[in-house]
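Participant: First, the structure itself, so that you have it in front of you.
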Amino acid sequence: MEKTDIEALGERLDQVEGYLHVGEKRGLVSELEAQSASAGFWDDTAAATAVMARLNAAKDDVRAVDEARSKLEDLETAFELGEETQDQDMLSEAEGMRSELEGYLGELELSSWFVDDLDHGDAIVTITPGQGGLEAQDWTDMLFHMYLAYCVRRDWKVVVNDAPAAEGIGIDRATFTVSGKNAYGMLRAEQGVHRLVRISPTDAKKRRQTTFAGVEVLPVLPDDIEVKIDPGDLRIDVYHASGPGGQGVNTTDSAVRITHIPTGIVVTCQNERSQLQNKAAAMQILKSRLYELEKARRDAEIDELRGPKHEISFGNQIRSYVLYPYQLVKDLRTGVETSNVDSVLSDGNLDKFIIAYHRWAVGGGEGK
């Protein structure tokens, strides 16, 4: 490690501080704290809650940058002492501090790239089988568990809305809601077609099979975004839930399917125990999809939330997962790859791909 490496980290931190407008947010924190301490602040609960949310978000950004500044100062001190005394233990400790600060700055940079308020909120993820028949159903299930593992790594909460077992192997689809900091901003990097190449587990001749699945990522809309839905435009069907879900889940018509007749959008939810809960969850997903369509119509351009619509098939994939004849996961947008396939599919180690995607997108990659 050289002194120039530390200086480069300092420059990155300066950029992040500028992107996050930390100077302005320090003033905003003082202003909102004074507002929250005023008499009658909680008389309007909804307004007060919104103010507290803004206050906490501003505090988080200020606190994060201050912590990064402290880490940088500690690193500079450790490196200077190590260089001055030629203490190898101190220099090794400084190297560890540098690595830690790099990771911390990577997270801050992500937050600075998320300019849409929806990026900081929750996400609705849907995985759908593409070309490949039974193999695609199994691939959908594999991706589903990969994302569940990733959410565990991120300490995000997951509510599975719908994941019915398919005939034979795998699942027909998976829809789940992810709650946590920057969940939508992070996961929208996964939007697109995912390709799997492996020896088919269903083929007696053990031939190589190429399979596809599509991933859709939508934001969970906050309460202050209103999507008007005419009840007359909805067809609501109830039916027996299928798959795991507890002893009582298959004994009543608890599963709900909502069809929005004007657009043809169909949403299903069956993993809650009551019909009312499933209907509420399905309506939340429907509202997000209708919001997406309205945003695309308003902007008169390619849908900014879902991206270009592609057939879930060869030639449209964003990432390839090859298990045979070699092992490699490669993102075709950024070129980032790894041969540690198990780390990705089993452990949900996706950060290197997601962070690289956002760095690529901020640099104009999506327009190239």
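Participant: Among 140, 128, which comes first, second and so on when ranked by fewest other beta-carbon atoms within 10 Å? The partial results should precede the final answer.
Facilitator: Numbers: 140 27, 128 18.
Least crowded to most crowded, the residues run 128, 140.
Participant: Now for a different question. Past 24 Å, Cα to Cα: identify those pairs from 3/330; 157/287; 59/228; 3/71; 181/287; 181/279, in the order given. Please report the intermediate quantities before stating the final value.
Facilitator: Values: 3/330 34 Å; 157/287 21 Å; 59/228 34 Å; 3/71 15 Å; 181/287 21 Å; 181/279 26 Å.
The answer is 3/330; 59/228; 181/279.
Participant: Counting other Cβ atoms within 10 Å, keep those with at most 15, restrict to DSSP loop, and tell me which GluC sites (Glu not before Pro) in the range 141-219 are left. Let's see the in-between values first.
Facilitator: Working: sites: 167, 190, 216; in loops: 167.
Sites meeting the loop and neighbour criteria: 167.
Participant: Taking the Cα-to-Cβ direction at residue 67 and at residue 84 and moving 7 Å from each Cα, how far apart do the two end points lie in nm?
Facilitator: According to this spin-label approximation, the distance is 2.9 nm.
Participant: Compute the Cα gyration tensor for the chain, then decide on rounded, prolate or oblate, letting a ≥ b ≥ c be the square roots of its eigenvalues: rounded whenever a/c is under 1.5, prolate when a/b is larger than b/c in the other cases, and oblate in all that remain.
Facilitator: On the way: a/c = 2.15, a/b = 1.28, b/c = 1.68.
Oblate.
Participant: Taking only Cα atoms and a 10 Å spring cutoff, compute GNM fluctuations for the chain and point out the largest among 276, 20, 81.
Facilitator: 81
Where a number appears in this text, it was derived from the coordinates with a stated rule and is not lab data. All figures in this text were calculated on a predicted structure; none of them were measured in a lab. With ideal geometry, Cβ positions are generated from the backbone for all residues, glycine too; neighbour counts draw on all protein chains shown.
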